1. Give me the net charge of residue 39's neighbourhood, meaning all other residues with Cβ under 15 Å from the Cβ of residue 39; Lys, Arg count +1, Asp, Glu -1.
2. How do 144-153, 107-116 rank on mean C-beta neighbours within 10 Å, highest first?
3. Could you work out how much longer the chain between residue 130 and residue 22 gets when fully extended? Use 0.36 nm per residue separation minus the Cα distance between them, nm to one decimal.
4. May I ask you to evaluate 6.51 cos²θ - 1.76 cosθ + 1.60, the Karplus curve with θ = phi - 60°, for each residue of the range 77-87 and list the ³J(HN,Hα) values in order in whole Hz, giving x for glycine and proline?
5. Rounded to the nearest 10 degrees, what's the angle between the helix 88-102 long axis and the longest principal axis of the chain, both from Cα atoms, 0 to 90?
6. Taking the Cβ of each residue in 93, 154 as the centre, tally the other Cβ atoms inside 10 Å and list the residues starting with the fewest.
7. Quick check on the range 56-154: of the DSSP beta bridges with both residues there, what percent are antiparallel, nearest 5%?
8. What distance in nm separates the two pseudo spin-label positions at residue 103 and residue 6, each 7 Å out from Cα along the beta-carbon direction?
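Where a number appears in this text, it was derived from the coordinates with a stated rule and is not lab data. On a predicted model such as this, the values are computed, not experimentally measured, just so you know. Using ideal geometry, Cβ is built from the backbone for each residue, glycine included, and neighbour counts are taken over all protein chains shown.
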Amino acid sequence: MLTDHIAYHGALNCVPANEVSNLEGRLGKIQVSIKHGATKLLRDGILNALSAEAWSGEVLVDPKSDSRITITAVKNDIGLCLQTGNVSRVYADLIKLQTLYLRGDINAAILILFRNETSRVLGSNIASYERFSKEIPIFSRVISLPLIMIGVGD
């Protein structure tokens, strides 16, 4: 799979370059046929790649409450969300990451999304890296955390 990334709010100063390159290297090795209905296989492949890079697995946004709201993983004060679903869920992921950042629980974040063509093949209205990379600057005063977006797919 191909990967690409974009950084916002000085994220490349907060996230070690080798962390991004190691993660992109793992993601690039995922071998799943991109076709309609393959989202779960791709998601599982990406989660396995995260595990192989020592990411934590799901983390509660507020462990003191009885809410079950989570992000995908944390590693070295970096929060990570993997979004393989509906485009509207990306904004929920950003709010979760921004909350953790403002509380001081993370210093930066990574958001993984499918690239445009992969999103189109997998289904309708699935979040895409290209679309979101155009939209995130609109929210630059609200979403202030250092953020690296990684696009994966064909």
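1. Net charge around residue 39: +3.
2. Numbers: 144-153: 21.8, 107-116: 24.6.
Taking the mean over residues of other Cβ atoms within 10 Å, the ranking is 107-116, 144-153.
3. Between residue 130 and residue 22, full extension yields an extra 36.7 nm.
4. Coupling constants for the range 77-87: 6, 10, x, 9, 10, 9, 10, 10, x, 4, 4 Hz.
5. Taking Cα atoms only, the helix is inclined about 30 degrees.
6. Working: 93 22, 154 12.
Exposure proxy ranking, most exposed first: 154, 93.
7. Expressed as a percentage, antiparallel bridges in the range 56-154 total about 30.
8. Roughly 2.8 nm, to one decimal.
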